[in-house]
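Asks: Got a structure here, written out as structure tokens. Questions coming.
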């Protein structure tokens, strides 16, 4: 019995010594693994758990804060109510409608911002909002390329590295608050392993502070996950055959590349083959996710000789963009499937008619209510680079447009600024093209309100003007009423206006024409006839300005100060454009 008691006491003593030794060993091990308020990993974890502020930067321009929803804004003239974080995409979609416009966003103040530490502040003006954004440093923006899987636990220690407790964290707010409130004598250690979700959706297990810090810093160093993996892009580009699936340069010119097969090699060489004819080329990656092509000077391959911004790149499709010299945006898409051509005629005819001459609103009907008179004084001009203007009595409303074939339907999309005239918001929509000729464009749209249908018609003459068929004498009287100059001459799309620089034209009632630049004097003849519903214009000039004559022009549009003549080919496409403007 005594022996048993002695053995029990001896066993208990050994057990206590063993426990003390194990605790000491545990403390020694954790001492290397503890972190403090000033540790780099703590700073990284604070940025990982802080209030996410980058998703709505398109609204507040501040990666250190987020807007408290709901909020109402006006994006490029269109009112948008943002109720959820996903609704921010509505603004992005409006901004992306027109690749070459100036995007504007008007906010209905006051609004509330939630700062990086989850506190809230009221903002009363754009000036206040900009000031807050300016105070946000690059190292204060959230790290959003990974997410910690909760719950997680921390062991807490005192300055002597003795464990004092355990804290369980269930979400980002709790983690941020816990780390933010650490004192100078507080030591903590994560209870590993923990799980982390990466930006690609995969989950990885982390087993130490060092591994976690490396994972986060690598994520930050890689820009939070670049949209284009250059190594993968090079591998995809140089593997297999590519075809031009889409090429847009003022017009849809995809058909020009039907039959061409493109291959690219790792050494920077390239070639394209069509009907057995091989054309050598080169490619190179340049700064800012751009790729530069060169295939020589022979059409149509010379159109590809630009530096293209990479918008999207997968093993099956490569989408590229280039801002051209005239301010327009060109698009080029390579895919694995050949382009058979033949699907862009309607779109190109629409664009040709749209950008040639001026237009007027002849009808705007919204849910059965006629608003045409709101635009009676405005003259619309649509330019090949995607911009547009509407002018009335010296007041210019700027805008942008695009046209596309969507599910077999031709769509015309407009966006005009509304700050000086709110009526233009009615034009800012995605319109279905019902009819499009050289003299009329009829559009419709199912409105978002009561589901009614809106109608919009553009014509060549102001609302209420014209009628009664073509009047050749009216055009004759306009031409002989003053001196004129060539504002534009396009020969098969090529701009040759400079051939007429400095020349003033005088048209006379005896059907002669005289042009002079002060040193040269050129004579010719002109005649206007009528065929059906069209006015014909023919003239013949002596050298050196006879490049535009001897053509059968049609009078597309004329006013007392401007006359637009065009020629068309057998397919109805515009070939030449000649515009006279009165001095």
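Asks: Any idea what the relative contact order of segment 347-459 is, in percent, if you count C-alpha pairs under 8 Å spaced at least 6 apart?
Replies: In percent, rounded to a whole number, it is 25.
Asks: Sticking to Cα atoms, compute the Rg of segment 331-463 to one decimal and its Dmax as the biggest Cα-Cα distance, whole number, in Å.
Replies: 15.6, 52
Asks: Between residue 508 and residue 389, how high is the FRET efficiency from 1/(1 + (r/R0)^6) when r is the Cβ-Cβ distance and R₀ = 41 Å? Nearest 0.05.
Replies: 0.75
Asks: Report the label-to-label distance for residue 166 and residue 263 in nanometres (one decimal), using points 7 Å from each Cα along the Cα→Cβ vector.
Replies: 6.3 nm
Asks: Could you give the angle, 0 to 90 degrees to the nearest 10, between helix 209-221's Cα long axis and the longest principal axis of the Cα atoms of the chain?
Replies: 10 degrees
Asks: State the Kirkwood hydrodynamic radius of segment 81-127 in Å, one decimal place, computed from all pairs of distinct Cα atoms.
Replies: Computed over Cα pairs of segment 81-127, the Kirkwood hydrodynamic radius comes out at 12.8 Å.
Asks: In Å, what Kirkwood hydrodynamic radius results for segment 51-140 from the alpha-carbon pair distances?
Replies: 13.4 Å
Asks: 222 nm [θ] for the chain, helices only, -39500 (n - 2.57) per DSSP H run of 4+, per residue, to 500?
Replies: Here the helix-only value at 222 nm equals -6000 deg cm²/dmol.
Asks: Take every Cα pair under 8 Å in the chain that's 6+ residues apart, average their separations, divide by the length, and report that relative contact order as a whole percent.
Replies: Computed over the chain, the figure is 8 percent.
Asks: What's the center-to-center distance, using Cα atoms, between segment 81-134 and segment 363-396 in Å?
Replies: 29 Å
Asks: I've got another one for you. Round to the nearest 0.05 the FRET efficiency obtained for residue 202 and residue 87 when R0 = 25 Å and r is the Cβ-Cβ distance.
Replies: 0.35
Asks: With label points built 7 Å along Cα→Cβ from the Cα atoms of residue 303 and residue 367, find their separation and express it in nm.
Replies: Taking the simple label geometry, residue 303 and residue 367 are separated by 4.4 nm.
Asks: Divide the volume of the convex hull of the Cα atoms of segment 230-343 by its number of residues and quote the answer in cubic angstrom per residue.
Replies: Expressed per residue, the convex hull around the Cα atoms of segment 230-343 is 102 Å³.
Asks: Kindly put 214, 457 in sequence by how many other C-beta atoms sit within 10 Å of each C-beta, fewest to most.
Replies: Neighbour counts put them in this order, fewest first: 214, 457.
Asks: Label points 7 Å out from Cα along the Cβ direction at residue 181 and residue 158: separation in nm?
Replies: Placing both labels 7 Å along Cα→Cβ, they lie 2.0 nm apart.
Asks: Compute and list, largest first, the equivalent-ellipsoid semi-axes of segment 133-212 from the alpha carbon gyration tensor, each √(5λ) rounded to a whole angstrom.
Replies: Equivalent ellipsoid semi-axes, largest first: 24, 19, 11 Å.
Asks: Would you mind checking the tilt of helix 345-355 against the longest principal axis of the Cα atoms of the chain, expressed as 0 to 90 degrees and rounded to 10?
Replies: Once rounded, one gets 70 degrees.
Asks: Relative to the first principal axis of the alpha-carbon coordinates of the chain, what is the inclination of helix 40-49, with its axis defined by its Cα atoms, in degrees from 0 to 90 and to the nearest 10?
Replies: Long axis of 40-49 versus the principal axis of the chain: about 60 degrees.
Asks: With mean projected area of the Cα convex hull in nm² in mind, check (1) 41.3; (2) 29.8; (3) 37.3 and report the label derived from this structure.
Replies: Answer by label: (1).
Read-outs: derived from the displayed coordinates by stated rules, not from any lab. Note that the coordinates shown come from a computational prediction; the quantities given were computed from them, not determined experimentally. Cβ coordinates were reconstructed from backbone atoms using ideal geometry, including for glycine residues, and neighbour counts include every protein chain displayed.
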